[in-house]
Amino acid sequence: MNSKSLTKNTSCDSVNSCAKQIYNRVFDNAKWVCEKKYLGNSVRLITVLARNGEIISITLKSSSGNAEFNQLAIKAIRVTAPFYELSYLSDKDYEEASTINFLFSGTNDQKCH
């Protein structure tokens, strides 16, 4: 079962629970951060999402200095969308959650093993 179909059937009831689900789904598409060649790279992206979870925009807030790393981070977000989780939130919570700051950092932490 792919992550998109799983999430369509999974609800979240708070900004925090939705954020956790979104983070986990994006990370599933960003395992490349574990590659040794990306250790020390870091990119911050600001993503604005529509109520239906589609991407409105992705803005590069701070570059890693590595174009490949930056593009892989953008791709991880794009292939994970739409973010259906947002449709479960109240209007107030959606307003809070509709702009997401993603930080991708090259790492060798426990999630990589």
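The values are calculated or read from the model by the stated rules, or taken from the named source; none is laboratory data. Everything numeric in this text was worked out from a predicted model, so none of it was measured. Positions of Cβ are generated from backbone atoms using ideal geometry, with glycine treated the same way; all protein chains shown enter the neighbour counts.
Kindly indicate the residue of region 1-32 that is at pLDDT 90 or above and of a type in the set (A, V, I, L, M) and also farthest from ALA76 (Cα to Cα) among those meeting that condition. For region 1-32, the residue satisfying everything is VAL15.
Could you list, in sequence order, the residues of region 80-99 that are part of a loop (DSSP other than H, G, I, E, B) and charged (D, E, K, R)? The answer is none; no residue qualifies. Filtered by the rule that a residue be in a helix (DSSP H, G or I) and either within 14 Å of the chain's Cα centre (by Cα) or of a type in the set (A, V, I, L, M, F, W, C) (or both), region 53-79 gives ALA67, PHE69, ASN70, GLN71, LEU72, ALA73, ILE74, LYS75, ALA76, ILE77, ARG78, VAL79.
Annotation: of all residues in region 88-108 being touching a residue at least 60 places away in the same chain (Cβ under 8 Å) and under 30 Å from LYS36 (Cβ atoms), the one that is nearest to the chain's Cα centre (by Cα) is PHE102.
Each residue in region 41-52 was checked for being in a strand (DSSP E or B) and within 14 Å of TYR94 (Cα to Cα), and 3 of them qualify.
Taken residue by residue, region 47-56 has at least one member that is exposed (fewer than 15 other Cβ atoms within 10 Å of the Cβ) and charged (D, E, K, R).
Scanning region 24-64 for residues that are hydroxyl-bearing (Ser, Thr, Tyr) and closer than 16 Å to ASP109 by Cα turns up TYR38, SER42.
Is region 16-25 home to any residue that is surrounded by fewer than 20 Cβ atoms within 10 Å (Cβ to Cβ), outside any helix (DSSP H, G or I) and out of contact with any strand residue (DSSP E or B) (no Cβ under 7 Å at 6 or more places or on another chain)? No, that holds for no residue. Taking the conditions exactly as written (touching a Lys or Arg at 6+ places or on another chain (Cβ under 8 Å) and of a type in the set (Ser, Thr, Tyr)), does TYR23 satisfy them or not? No, not satisfied. A residue that is modelled with pLDDT of 95 or more, under 11 Å from LEU45 (Cβ atoms) and buried (at least 17 other Cβ atoms within 10 Å of the Cβ) occurs somewhere in region 63-71.
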